[in-house]
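Every number here is computed from the coordinates shown, using simple stated rules; none is lab data. Because the structure is a prediction, the values reported are computed rather than measured. With ideal geometry, Cβ positions are generated from the backbone for all residues, glycine too; neighbour counts draw on all protein chains shown.
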Amino acid sequence: MDCVIERIAEQLPPITEGERDFAHIMNKPEPERHPKYWYRHKETGAEYAWLEGGFAPPGYEYPGFAVIIAFDRVEHPDHDVRFIRVLEEFEAERQQDIEGLLKACVQLQKKYGCYPLLNTGFYTELDEASSDRVYNIVSNLYGDESQFWPQSTSQYTGRIIPFQQYLATLAHYKKNLDVHLCPKLQNYMLMVKKGKEFTRLKPEDIPAIAAIAYAVFALVGKKPWRVELPEESVYELEIE
């Protein structure tokens, strides 16, 4: 499958003679510009600062779910915000089909994984039993050299994140979340709004909500783009 995302290098101003002279006077190395990148969807022309993937294994009632999300490169002219776009969703047809879910994740990774995007896998949180099962399936399907593995936010936060914190972050950014391309996710979010109490959800209740929460948390938590976000950590946000 061909990747639909391409990486674009920003045009940087050339090094001026004044900068070179100042570096020479200060006995410093020759100045250089470090390239800055953004990403463009080849088919739609949409421009993004970053993309992430998230998935959640099957739950009590519903199948496993995966999403691809993207953070807009620039603010929307009418809303003065950068939207988080949910570009694609996947829900397994059978409730306990973890292998089908992981195969779909790999295909989504190939479709949207322009280096370094989605370079190693999607974000999720797994208990010990689920983790063993997922790793065994991935190893059997793609070998130990697989480029897709489940990623945990604890790998960059340095601590275990309670699921309620994922939900808090999702709630904080929900006004910037565009899900119109993903009707299944829309329905699950409406179901939560109308019925289940959001603050008491578990990942196993609605895997779709868990998947989007993992992806959004990873996206805003790593802040790989150059954008001014509130200085307070997203990990401390409260449910709105």
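A few comments on the model shown:
- Förster radius 30 Å - calculated FRET efficiency between Ser146 and Asn187 (Cβ-Cβ, nearest 0.05): 0.40
- Net charge of neighbours whose Cβ lies under 10 Å from the Cβ of Ala92, counting Lys and Arg as +1 and Asp and Glu as -1: -2
- Taken about its Cα centre, the chain carries a charge dipole of about 220 debye when Lys and Arg each add +1 at the Cβ and Asp and Glu each add -1 at the Cβ.
- Acute angle (nearest 10 degrees) that the helix 128-142 long axis makes with the longest principal axis of the chain, alpha-carbon atoms: 70 degrees
- For Ala56, the shell of other residues with beta-carbons less than 11 Å away shows a net charge of -3, using +1 for Lys and Arg and -1 for Asp and Glu.
- Distance between the pseudo-spin-label points of Ile137 and Arg159 (7 Å out from Cα toward the beta carbon): 3.2 nm.
- Taking a Cβ cut-off of under 13 Å around Lys42, the surrounding Lys, Arg, Asp and Glu residues balance to a net charge of -1, with basic ones at +1 and acidic ones at -1.
- Backbone phi angles across region 45-53, fed through the Karplus curve with coefficients 6.51, -1.76 and 1.60 (θ = phi - 60°), yield HN-Hα couplings of x, 5, 10, 10, 8, 6, 10, 9, x Hz in residue order; Gly and Pro are listed as x.
- Helix 183-194 axis, angle to the chain major axis (alpha carbon atoms, nearest 10°): 70 degrees
- Length released on extending from Lys174 to Phe83, taking residue separation times 0.36 nm less the Cα-Cα span: 31.8 nm
- Normalised by 2.2 N^0.38 Å, where N is the number of residues, the alpha-carbon radius of gyration of the chain equals 1.12.
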